[in-house]
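Colleague: First, the structure itself, so that you have it in front of you.
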2 protein chains.
Amino acid sequence: MENLIEAIRPTTFIESKSLSRLFDADITIAAETFQHTGSFKFRAAYNVALNVPNSHIITASSGNFGQALALACQILNKKCTVVMPDTSAKVKVEGVKSFGATVDLVETSKIGRVERVDQLMRENPEAYRASAYDDFLVIEGNATLGVEIAKSGKQFDFLVSPVGGGGLVSGIITGLCRHGSTAEVIGAEPRLANDAARSLKEGKIVNNEYEPQTVADGARTLSLGLHNWNVIKTGVKEIIEVSEENIKEAVKILFTYSNLKVEPTGALSLGAVLENPKQFDGKKVCLIVSGANVDMKVYKKILES
Amino acid sequence: MENLIEAIRPTTFIESKSLSRLFDADITIAAETFQHTGSFKFRAAYNVALNVPNSHIITASSGNFGQALALACQILNKKCTVVMPDTSAKVKVEGVKSFGATVDLVETSKIGRVERVDQLMRENPEAYRASAYDDFLVIEGNATLGVEIAKSGKQFDFLVSPVGGGGLVSGIITGLCRHGSTAEVIGAEPRLANDAARSLKEGKIVNNEYEPQTVADGARTLSLGLHNWNVIKTGVKEIIEVSEENIKEAVKILFTYSNLKVEPTGALSLGAVLENPKQFDGKKVCLIVSGANVDMKVYKKILES
């Protein structure tokens, strides 16, 4: 498969009558939970692996991008090394290994992930260093989701997307824009990791001081990527900060009302609706549910909470 | 919406790379978990409500058909009464009520559900008595799923479907047959409720003596329906009996490897593969995952098991 569009799985649109009744809004879910490797990250990862000439790709990833890149490299016969913190969800470490990639586990208290990738790049100068979110090829890969939404035939008032490093939301904005969608794009970010919200307010990239310990592990990023920021600063209408309680509540609502297994980061978009339901009253809303890779123990604990 | 095809949600096909690797087979899931009301039953229920002239419909249902009929009647402006045992899953009782239907809870130790429907029919002679599974309109409604599978463009060797009263599998056979599919249809039934397997062996309908207490509550039927039996006796290649352990294991595998929330009855098809994986080795297999309506407590308990 040498073609991005053929390689990715189209998103699963679910017009949810039950969620729509619950929130008095016309809610459509765009679920990336059935994307290859269980999250939207495959779109970007495949686009990177397809387009760089290097036969070895090295990345640092807390999980979903690593898994996606591992599969992309397996399909395209490239070597793949993924640097992961030793605190990563077990299901994500095993996922990466199962696609034939090398996992490089680091004790983040002793050496930073960036430093470790620096080391590996010195040892493998022919390799490509892939960013999980800050790369034009990442934005372009994720833009395919924006295109699918624009082409879905539904005119949305709002589109709500989780925000971590910003690769997903900037890709969506890029894809929507190319197809003349007028939907307003809202970011959904954990309050514990609100660097993107603060960046938008201050008009410049603001960093988190340390890796935020939100349950939404896909949003534990220190800052937005630079390429993404250039798209986000004008393309995102606002960023809604979501409490840990509402992230977990959103996971439970998606389980009960939409029959979706969702990882906490994927539930951020519905969490944003929980934070401010009046804003979405009577509107046509598309919620991006970005992934489903969550440890069974963590998931059970959330259902119990 | 006066048209069946417009009213139903097309099934969600998921070509599962991870399941395919796990079982050395080419596995596609046809998930009805995102069908309206969370199970395939809406296909049949809507077809019944659409085609009978009566403005009041009464049925006995342990849950999924009741919920589906309630929504169908709400859409078509008909009155709906659902007789349910007082032991039904709470989520199903609430589901039925939320669509404006009347729930008639019966203590099954005191009065049978059939008797109670008899009573209600005497009180409401103008009403239509809908069977959850044994009705040509039910088979025809479910046939739409067979047609979707036949038209999916994939030539399956095997198609595995859960079997309770037999409405789903006979509908699928009917739909496949009309479109010239050569897939062999295999039924998957709880070993605790193996009346269909025994019927197929003996060449006539055999009853369970009492309602089997399998975890797959959608298969707690006393016998196959007569209309369904006429289709099943020649259309089903074999029925695989699935242990309670493998039903639960299948729920867990679908959670972990396919990101699907599935009710135990919906996991029967994968349970059949677990019972006899060699039979499916190297084959193209379509697994019908029929629904997702499961109480959160029951689901958590299965994940823990």
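The values are calculated or read from the model by the stated rules, or taken from the named source; none is laboratory data. Just so it is clear, the structure is predicted and the values come from calculations on it, not from any experiment. Heads up, the Cβs are rebuilt from the backbone with ideal geometry, glycines too, and the neighbour counts pull from every protein chain shown. Keep in mind that these areas ignore ligands, DNA and RNA; they rest on the heavy atoms of the full protein, side chains included. Shrake-Rupley method; radii C 1.70, N 1.55, O 1.52, S 1.80 Å.
Colleague: For the range A:66-93, how many residues meet the condition of being part of a helix (DSSP H, G or I), at pLDDT below 85 and not hydrophobic (A, V, I, L, M, F, W, C)?
Modeller: So the first thing to find is which residues in the range A:66-93 are part of a helix (DSSP H, G or I), and the list is A:66-75, A:90-93.
Right, trim to at pLDDT below 85 and you get A:90-92.
Still in the running and not hydrophobic (A, V, I, L, M, F, W, C): A:90, A:92.
Total meeting the criteria: 2.
Colleague: Which residue out of A:K41, A:K78 is among the basic types (K, R) and touching a residue at least 40 places away in the same chain (Cβ under 8 Å)?
Modeller: A:K41
Colleague: For the range B:7-31, how many residues meet the condition of being touching a Lys or Arg at 6+ places or on another chain (Cβ under 9 Å) and either open to solvent by 30 Å² or more (accessible area, probe 1.4 Å) or of a type in the set (S, T, N, Q) (or both)?
Modeller: Qualifying residue count, the range B:7-31: 4.
Colleague: Hey, another quick one. What single numbered condition from (1) under 18 Å from the mean Cα position of the chain (by Cα); (2) within 26 Å of A:L159 (Cα to Cα); (3) among the small types (G, A, S); (4) away from chain B (no Cβ under 12 Å) fails to hold for A:A31?
Modeller: That leaves (4) as the condition not met.
Colleague: Scanning for something touching a strand residue (DSSP E or B) at 6+ places or on another chain (Cβ under 6 Å), touching a residue at least 40 places away in the same chain (Cβ under 8 Å) and within 19 Å of B:A70 (Cβ to Cβ), does the range B:95-113 turn up at least one residue?
Modeller: yes
Colleague: I'm trying to understand the selection: among the residues of the range A:1-27, which are more than 14 Å from chain B (Cβ to nearest Cβ), closer than 15 Å to A:C286 by Cα and not in a strand (DSSP E or B)?
Modeller: Once the filter is applied, which keeps residues that are more than 14 Å from chain B (Cβ to nearest Cβ), closer than 15 Å to A:C286 by Cα and not in a strand (DSSP E or B), the range A:1-27 yields A:F23, A:D24, A:A25.
Colleague: Given the criterion open to solvent by 30 Å² or more (accessible area, probe 1.4 Å) and of a type in the set (A, V, I, L, M, F, W, C), identify the matching residue among A:L4, A:L69, A:L105.
Modeller: One residue alone meets the criteria, A:L105.
Colleague: Restricted to the range B:37-49, and to residues that are open to solvent by 10 Å² or more (accessible area, probe 1.4 Å) and at pLDDT 95 or above, which residue is farthest from the other protein chains (Cβ to nearest Cβ)? Working first, answer last.
Modeller: Filtering the range B:37-49 for residues open to solvent by 10 Å² or more (accessible area, probe 1.4 Å) gives B:37, B:40-41, B:47.
Cutting the leftovers down to at pLDDT 95 or above gives us B:40-41, B:47.
Values: B:F40: 13, B:K41: 14, B:N47: 19 Å.
For the range B:37-49, the residue satisfying everything is B:N47.
Colleague: Spot the failing condition for B:A68; the list is (1) free of Cβ contacts under 8 Å to residues at least 40 places away in the same chain; (2) over 27 Å from B:L254 (Cβ atoms); (3) of a type outside the set (D, E), and only one is missed.
Modeller: (2)
Colleague: Right, next: Mind listing whichever residues of the range B:50-66 are open to solvent by less than 30 Å² (accessible area, probe 1.4 Å) and on the phi < 0 side of the Ramachandran plot?
Modeller: If the condition is that a residue be open to solvent by less than 30 Å² (accessible area, probe 1.4 Å) and on the phi < 0 side of the Ramachandran plot, then B:V52, B:H56, B:I57, B:I58, B:T59, B:S61, B:N64, B:F65, B:G66 are the ones that fit.
Colleague: Select the strands (runs of 3 or more DSSP E) contained entirely in the range B:107-192, then report the ones holding at least 3 residues which are of a type outside the set (S, T, Y). Explain how you work it out, then say what you get.
Modeller: On the way: elements: B:128-130, B:158-162, B:184-190.
Per the criteria, B:158-162, B:184-190.
Colleague: Only one of B:V215, B:V298 is open to solvent by 10 Å² or more (accessible area, probe 1.4 Å), within 14 Å of another protein chain (Cβ to nearest Cβ) and of a type in the set (A, V, I, L, M, F, W, C); which?
Modeller: Answer to the check: B:V298.
Colleague: Which of the residues spanning the range B:148-175 are without any contact (Cβ under 8 Å) to a residue 40 or more places away in the chain and surrounded by fewer than 20 Cβ atoms within 10 Å (Cβ to Cβ)?
Modeller: Across the range B:148-175, the qualifying residues are B:K151, B:G153.
Colleague: Name the residues in the range B:176-191 that are touching a helix residue (DSSP H, G or I) at 6+ places or on another chain (Cβ under 6 Å) and buried (at least 21 other Cβ atoms within 10 Å of the Cβ), would you?
Modeller: B:L176, B:S181, B:V185, B:G187, B:A188, B:E189, B:P190
Colleague: Any residue in the range A:7-34 that is free of Cβ contacts under 8 Å to residues at least 12 places away in the same chain sitting within a Cβ distance under 8 Å of a residue that is in a strand (DSSP E or B) and open to solvent by less than 10 Å² (accessible area, probe 1.4 Å)? List the pairs, counting only those 6 or more apart or interchain.
Modeller: The qualifying pairs are A:S20/A:I27.
Colleague: Quickly run through the range A:192-210 and pick out the residues that are more than 23 Å from A:E32 (Cα to Cα) and surrounded by 15 or more Cβ atoms within 10 Å (Cβ to Cβ). Show your work before the answer.
Modeller: Start the filter on the range A:192-210 by keeping residues that are more than 23 Å from A:E32 (Cα to Cα), which leaves A:192, A:194-195, A:197-210.
Across the range A:192-210, the qualifying residues are A:L192, A:N194, A:D195, A:A197, A:R198, A:S199, A:L200, A:I205, A:V206, A:N208.
Colleague: If you don't mind, another one. Quick one: A:D118 ticks every box in (1) open to solvent by 40 Å² or more (accessible area, probe 1.4 Å); (2) among the acidic types (D, E); (3) under 20 Å from the mean Cα position of the chain (by Cα) bar one, so which box is it?
Modeller: Only one criterion in (1) open to solvent by 40 Å² or more (accessible area, probe 1.4 Å); (2) among the acidic types (D, E); (3) under 20 Å from the mean Cα position of the chain (by Cα) is unmet by A:D118, namely (3).
Colleague: A further question follows. Just give me the residues in the range A:76-100 being surrounded by fewer than 17 Cβ atoms within 10 Å (Cβ to Cβ) and either within 14 Å of chain B (Cβ to nearest Cβ) or touching a Lys or Arg at 6+ places or on another chain (Cβ under 6 Å) (or both), in sequence order.
Modeller: Once the filter is applied, which keeps residues that are surrounded by fewer than 17 Cβ atoms within 10 Å (Cβ to Cβ) and either within 14 Å of chain B (Cβ to nearest Cβ) or touching a Lys or Arg at 6+ places or on another chain (Cβ under 6 Å) (or both), the range A:76-100 yields A:K90, A:E94, A:K97, A:S98, A:G100.
Colleague: Can you name every residue in the range B:261-289 that is touching a Gly at 6+ places or on another chain (Cβ under 7 Å) and open to solvent by 10 Å² or more (accessible area, probe 1.4 Å)?
Modeller: The answer is B:T265, and nothing else.
Colleague: Taking the range A:218-245, which residues are surrounded by fewer than 24 Cβ atoms within 10 Å (Cβ to Cβ) and assigned to a helix (DSSP H, G or I)?
Modeller: Of everything in the range A:218-245, those that are surrounded by fewer than 24 Cβ atoms within 10 Å (Cβ to Cβ) and assigned to a helix (DSSP H, G or I) turn out to be A:L226, A:H227, A:W229, A:N230, A:V231, A:I232, A:K233, A:T234, A:G235, A:E244, A:E245.
Colleague: Let me ask another. If you go through the range B:99-109 one residue at a time, do you hit one that is out of contact with any Leu (no Cβ under 7 Å at 6 or more places or on another chain) and of a type in the set (F, W, Y)?
Modeller: no
Colleague: Go through the range B:248-286 and give me each residue that's outside any helix (DSSP H, G or I) and more than 14 Å from chain A (Cβ to nearest Cβ).
Modeller: Step one: of the range B:248-286, the residues outside any helix (DSSP H, G or I) are B:259-263, B:276, B:281-286.
Across the range B:248-286, the qualifying residues are B:N276, B:D281, B:G282, B:K283, B:K284, B:V285, B:C286.
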